[in-house]
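Q: Got a structure for you, questions after.
Only the coordinates and a few stated rules stand behind these numbers; no lab work does. It should be emphasised that the depicted structure is a prediction, and the values quoted were computed from it without experimental measurement. Because the Cβ atoms are built from the backbone with ideal geometry, glycine has one as well, and the counts that use them run over all protein chains shown.
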Amino acid sequence: MASQTQGIQQLLAAEKRAAEKVSEARKRKAKRLKQAKEEAQDEVEKYRQERERQFKEFEAKHMGTREGVAAKIDAETKVKIEEMNKMVKMQQEAVIKDILGLVYDIKPELHVNYRI
């Protein structure tokens, strides 16, 4: 009986050591997974920053800075407004004469639907 008890004790001790090893392996695995996830996030962030930098370089090269684009649009708008104002001043007198001519040129006649 004593040898059976001793054998059972050895089996229980071996089972306990095996459970501890499995537990440690699971902890190591969880730690490696967490570390791999962090590394992947760092890599994604670095890639995102690199692509953002490349986009900004491309934008600056092809479009200029946003302030520069806004200034260019403002300048073009001012030029167009000045041109329109010049055209209005040039054509103003003629348009007023035409409108007044049409207003003053009254021809009294009966309406088509008028019945006597």
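Q: Using the structure shown, decide if S23 is among the hydroxyl-bearing types (S, T, Y), assigned to a helix (DSSP H, G or I), loosely packed, with under 10 Cβ neighbours inside 10 Å and more than 32 Å from the chain's Cα centre (by Cα).
A: On the way: among the hydroxyl-bearing types (S, T, Y): yes; assigned to a helix (DSSP H, G or I): yes; loosely packed, with under 10 Cβ neighbours inside 10 Å: no; more than 32 Å from the chain's Cα centre (by Cα): yes.
Taking the combined requirement at face value, the residue does not satisfy it.
Q: Condition first: out of contact with any helix residue (DSSP H, G or I) (no Cβ under 8 Å at 6 or more places or on another chain) and among the aliphatic types (A, V, I, L, M). Now tell me which residues in segment 14-69 satisfy that. Full working, then the answer.
A: Filtering segment 14-69 down to residues out of contact with any helix residue (DSSP H, G or I) (no Cβ under 8 Å at 6 or more places or on another chain) leaves 14-62, 65-69.
Correct list: A14, A18, A19, V22, A25, A30, L33, A36, A40, V44, A60, V69.
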